[in-house]
Amino acid sequence: EPEVTQTPSHQVTQMGQEVILRCVPISNHLYFYWYRQILGQKVEFLVSFYNNEISEKSEIFDDQFSVERPDGSNFTLKIRSTKLEDSAMYFCASRRGQGLNTEAFFGQGTRLTVV
Amino acid sequence: DAKTTQPNSMESNEEEPVHLPCNHSTISGTDYIHWYRQLPSQGPEYVIHGLTSNVNNRMASLAIAEDRKSSTLILHRATLRDAAVYYCILRGFSGNTGKLIFGQGTTLQVKP
């Protein structure tokens, strides 16, 4: 069964450092997303991406964040200068379409720890 | 997206049916009802969705009230592996980019 793959599973970084989280969405999917989940809290939407551009972003997704689809398979989330409060699980998701009756497929997440 | 209300937690015994309720009194006529679940230390996972009619798939059943103001996710025989947080999410046309808005969900505990 096709799946969304995220690497690394756990990343520890120092405050102020740049970090890149990587995702390989399902191959025939066209819509891509990043979500985050701070420990003990709910899953929060960060950004949606289609046709090589951001289609929507939340207020969490400020100038420190960027996304890219550098080739035909990877989808990355970059945090330019990490803060302690960026520590969270980050989930990548993809969809074949954005119709209301389509489902999203999530990766297993990257646990980011900022120290 | 319209708001949903779910109980914070529920308990079930293994191999018994579980009915997880969701209220969505402000649902609009074109909103789809989606259910996802999140197993411990994993990403969310799609379970089922519906619009008006009841739906069945290999994981669960979805019963939708006639007025669509509530729905119930039914796990026919709970297993220990079904212990997870279950999210009821509405998806509508307004501003649709395919994003999901998660609430707190219902934490299901399954006892052996």
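Derivation of every value follows stated rules applied to the coordinates shown; laboratory data play no part. Source: prediction; values computed, not measured. Every residue, glycine among them, receives a Cβ derived from its backbone with ideal geometry; neighbour counts consider all protein chains shown.
If you put +1 on each Lys and Arg Cβ and -1 on each Asp and Glu Cβ, how big is the dipole of chain A around its Cα centre, in Debye rounded to 20? Mind dumping the intermediate values first?
Working: 11 positive and 14 negative charges, 32 e Å.
Once rounded to the nearest 20, the dipole reads 160 debye.
Can you give the convex hull volume per residue for the Cα atoms of the protein assembly as shown, as a whole number of Å³? If you can, show how the numbers build up before the last one.
Numbers: hull volume 27.6 nm³, N = 227.
Taking the convex hull of the Cα positions in the protein assembly as shown, it is 122 Å³ per residue.
Along each of the three principal axes of the Cα atoms of chain A, give the extent in whole Å, ordering the values from largest to smallest.
Over chain A, Cα extents along the principal axes are 39, 27, 27 Å.
How big is the dipole moment of chain B about its Cα centre under a simple scheme where the beta carbon of each Lys and Arg is +1, that of each Asp and Glu is -1, and everything else is neutral? Debye, nearest 20, please. Numbers along the way, then the final one.
Details: 10 positive and 10 negative charges, 50 e Å.
For this selection, approximately 240 debye.
Relative contact order for region B:1-93: what is it in percent, counting Cα pairs under 8 Å that are at least 6 residues apart?
Values: 198 pairs, mean separation 36.0, N = 93.
It rounds to 39 percent for region B:1-93.
Alpha carbon centre of region B:37-112 versus region A:1-34: separation in Å?
24 Å
Can you tell me which of B:G50, B:G92, B:G29 moves the most in a GNM of chain B? Springs connect C-alpha atoms under 10 Å apart.
It is B:G29.
Could you tell me which of the pairs A:K78/B:K99; A:K42/B:K99; A:K57/B:K69; B:K69/B:K99 are separated by over 24 angstrom between their Cα atoms in the structure shown? List each step's numbers first, then the result.
Details: A:K78/B:K99 19 Å; A:K42/B:K99 15 Å; A:K57/B:K69 29 Å; B:K69/B:K99 22 Å.
Over 24 Å Cα-Cα: A:K57/B:K69.
Could you give me the ³J(HN,Hα) list for region A:103-115, computed from phi with Karplus coefficients 6.51, -1.76, 1.60 and θ = phi - 60°, whole Hz, x at Gly and Pro?
Going residue by residue, I get 9, 9, 10, 9, x, 7, x, 10, 8, 9, 10, 9, 10 Hz, with x marking Gly and Pro.
Using a Gaussian network for chain B with springs between C-alpha atoms less than 10 Å apart, which of these wobbles most: B:H34, B:H24, B:H76?
Greatest mean-square fluctuation among the candidates belongs to B:H76.
Which residue fluctuates the most in chain A, going by a Gaussian network model with Cα springs under 10 Å, if the choices are A:G97, A:G16, A:G40?
Residue with maximal mean-square fluctuation among A:G97, A:G16, A:G40: A:G40.
Charges on Cβ only, +1 for Lys and Arg, -1 for Asp and Glu, centred on the Cα centroid of region A:1-57; of A:F45, A:Q17, A:F32, which one is farthest towards the dipole's positive end?
Farthest towards the positive pole: A:Q17.
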